[in-house]
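First comes the structure, then the notes that go with it.
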Amino acid sequence: MARSSDLRFRATTALQRYVANPLTRRLPFHTLLETTGRVSGRPRRTPLGGRRVGDTFWLVSEFGERSQYVRNIQADPRVRVRLGGRWHSGTAHLMPEDDPVARLRTLPRANSTAVRALGTGLLTVRVDLER
């Protein structure tokens, strides 16, 4: 099973990195998470799905701590989120105590279905947006 999940991780991340992310990053109203590269120090923008609830943005990482943006958050939790074409600064928090499957039920359906289908290490992330 570990080999199967590793293969799924490598195939999914390659497809996202080289095909899906470059295309969706260009869409003006797609949600993006901007982290600071832990090695390069450069901005890294990741298209993703999630939902804003008041001054909080919720998302679920499909590969948990294996996701590059989660590793960047661990190094520097200051992030920006583009919602509806507008950037919001905030602080990201990894929420391992949260139930990511239950959380996905509260997030946009299409993205949540893909995360559940492809994910192997779900992890909830909360971003507290600045006012």
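The values are calculated or read from the model by the stated rules, or taken from the named source; none is laboratory data. Everything numeric here is computed off the predicted structure, so don't read it as measured data. Please note: Cβ atoms are built from the backbone with ideal geometry, for glycine as well, and neighbour counts cover all protein chains shown. We work out accessible area using only protein heavy atoms, side chains counted, and drop any ligands, DNA or RNA first. Shrake-Rupley method; radii C 1.70, N 1.55, O 1.52, S 1.80 Å.
Structure notes:
- Candidates Gln74, Gln68 - the one that is open to solvent by 70 Å² or more (accessible area, probe 1.4 Å) and closer than 13 Å to Val125 by Cα: Gln74
- Scanning the range 100-131 for residues that are touching a Leu at 6+ places or on another chain (Cβ under 9 Å) and free of Cβ contacts under 8 Å to residues at least 12 places away in the same chain yields a count of 1.
- Screening Leu94, Leu107 for residues that are open to solvent by 30 Å² or more (accessible area, probe 1.4 Å), of a type in the set (A, V, I, L, M, F, W, C) and under 26 Å from Ala11 (Cβ atoms) leaves exactly one candidate, Leu94.
- The lone criterion from (1) out of contact with any His (no Cβ under 8 Å at 6 or more places or on another chain); (2) open to solvent by less than 60 Å² (accessible area, probe 1.4 Å); (3) among the hydrophobic types (A, V, I, L, M, F, W, C) left unmet by Val81 is number (1).
- Among the conditions (1) within 15 Å of Asp128 (Cβ to Cβ); (2) touching a Lys or Arg at 6+ places or on another chain (Cβ under 8 Å), the only one that Arg78 does not satisfy is (2).
- Note on the range 19-48: residues that are at pLDDT below 70, open to solvent by 90 Å² or more (accessible area, probe 1.4 Å) and more than 14 Å from Val81 (Cα to Cα) amount to 2.
- Within the range 55-97, the set of residues being hydrophobic (A, V, I, L, M, F, W, C) and within 14 Å of Gly37 (Cα to Cα) comprises Val70, Ile73, Ala75, Val79.
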